1. Taking the stretch 182-198 as the region of interest, how many residues are open to solvent by less than 40 Å² (accessible area, probe 1.4 Å) and either of a type in the set (Lys, Arg) or within 20 Å of GLU216 (Cβ to Cβ) (or both)?
2. Exactly one of (1) part of a helix (DSSP H, G or I); (2) more than 23 Å from ALA130 (Cβ to Cβ); (3) open to solvent by 60 Å² or more (accessible area, probe 1.4 Å) is unmet by ARG152. Its number?
3. List every residue pair whose Cβ atoms sit under 9 Å apart, with the two residues 6 or more apart in sequence or on different chains, where the first one lies in the stretch 243-262 and is under 18 Å from LEU301 (Cα atoms) and open to solvent by less than 60 Å² (accessible area, probe 1.4 Å) and the second, anywhere, is modelled with pLDDT under 65 and in a helix (DSSP H, G or I).
4. Of ARG103, ARG121, which residue is open to solvent by less than 50 Å² (accessible area, probe 1.4 Å), at pLDDT 55 or above and either part of a helix (DSSP H, G or I) or of a type in the set (Asp, Glu) (or both)?
5. Hey, could you check the stretch 230-260 for residues that are modelled with pLDDT of 85 or more and not acidic (Asp, Glu) and say which is nearest to the chain's Cα centre (by Cα)?
6. Is it true that some residue in the stretch 199-213 is in a loop (DSSP other than H, G, I, E, B) and open to solvent by less than 60 Å² (accessible area, probe 1.4 Å)?
7. Give me a count of the residues in the stretch 268-300 that are under 23 Å from VAL107 (Cβ atoms) and open to solvent by less than 70 Å² (accessible area, probe 1.4 Å).
8. Going through VAL139, VAL162 one at a time, which residue ends up being touching a Phe, Trp or Tyr at 6+ places or on another chain (Cβ under 7 Å), touching a residue at least 40 places away in the same chain (Cβ under 8 Å) and of a type outside the set (S, T, N, Q)?
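The values are calculated or read from the model by the stated rules, or taken from the named source; none is laboratory data. Nothing here was measured: the structure is a model prediction, and the numbers come from that model. Glycine gets a Cβ as well: all are built from the backbone with ideal geometry, and neighbour counts include every protein chain shown. Accessible surface areas use protein heavy atoms only, side chains included; no ligands, DNA or RNA. Shrake-Rupley method; radii C 1.70, N 1.55, O 1.52, S 1.80 Å.
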Amino acid sequence: MLKPAIAAIAAALFLLAFASIRYGLTAWWDKGALKRRLTSRQAKKAGFVFAGRRLVANALFDHVLDLMLALGWKMKPSSFFGCSASMGVAGVVCGTFVFHSFRSSAVLALLFGGLPYLMLRMSLVNRQMATRLDFLPAVELFYQSYLVTGSRHIRIALQKTVEERRLPGEVQAAFEQLYRNLSVNGDDEGSLRRFALSFGNAWADYFGNILKVALEEGNNVADNLKELIADMRKAQLANLVERHKLLEIRMANFAPILFLGLFLAVNFRLNPEGSYEYYVRDAGGRNMLLNAALLLFGSLLMGIYLSRRKL
């Protein structure tokens, strides 16, 4: 009779922790956003970069916000961190009740708490891979629209590029988001940074810098765009080779998960009772599976890092 009572208490504590973390992070984020809006204008007049003096927590919030906006997610950073924190608490509860050790609780808190960020990063890498080969036609279409508009109006050229709807789905969504942000948001630098992040390659960074110069100084950047397109065409074959390398990296990342699942399936198939006794009831077997999960989590992080380097 004690186990259902303990489970009910643990569930109640988990819900209480989730609500507290969620509302606390929301209040913190709203207060920080208000403070940034009030002090950003004064910081620009003072002639120094305000972002350099932000707290590490605010920088982390901005980093996650850029990732979510690049993907088009509607979730607020406070909700994202609240989800991560609540999953971390769930990891502590699972580690306490299943493994009965501080190390296991800490490892599960790390795995569960880092899972939302891992999914966010993996979603961004998937989008970057899907749009890698479609970025050159998109820049060529924008270049044509830019010439038609008289090589002076970046926003009008973006509008014409978006309205023609000749781009693939993910690329079309990225250009539409850039056009909306440049027309409404007012933060041109942040909009261009998130646009480049949605593609995740050096060409997108160069393209964003060209647009930034054109928006800030009003220069004619037709020659810069023409040179960028020429360089991208020369590097197109190398991009195909790098794409195959990215596929190899992704296959290598998920191969250990498949082998672990196959290994456990074979063991449970051949000896169900012995496998259950060792992997589930025995503390050593549970710790072995926990260590395997930690290594798999680390391999996924390494795969994301290598994918970013290749992109």
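1. Residues of the stretch 182-198 open to solvent by less than 40 Å² (accessible area, probe 1.4 Å): 182, 190-192, 194-196, 198.
Filter once more, so that each one left must be either of a type in the set (Lys, Arg) or within 20 Å of GLU216 (Cβ to Cβ) (or both): 182, 190-192, 194-196.
Residues meeting the conditions: 7.
2. ARG152 satisfies every listed condition except (1).
3. LEU246/LYS310; ILE249/LYS310
4. Working: ARG103 fails: open to solvent by less than 50 Å² (accessible area, probe 1.4 Å).
Exactly one of ARG103, ARG121 is open to solvent by less than 50 Å² (accessible area, probe 1.4 Å), at pLDDT 55 or above and either part of a helix (DSSP H, G or I) or of a type in the set (Asp, Glu) (or both), namely ARG121.
5. Here is the first cut: in the stretch 230-260, the residues modelled with pLDDT of 85 or more are 230-233.
Among the residues that remain, those that are also not acidic (Asp, Glu) are: 230, 232-233.
Working: ALA230: 30, MET232: 25, ARG233: 28 Å.
Checking each candidate, the answer is MET232.
6. Among the residues of the stretch 199-213, at least one is in a loop (DSSP other than H, G, I, E, B) and open to solvent by less than 60 Å² (accessible area, probe 1.4 Å), which makes the answer yes.
7. Count: 20.
8. Values: VAL162 fails: touching a residue at least 40 places away in the same chain (Cβ under 8 Å).
The conditions single out VAL139.
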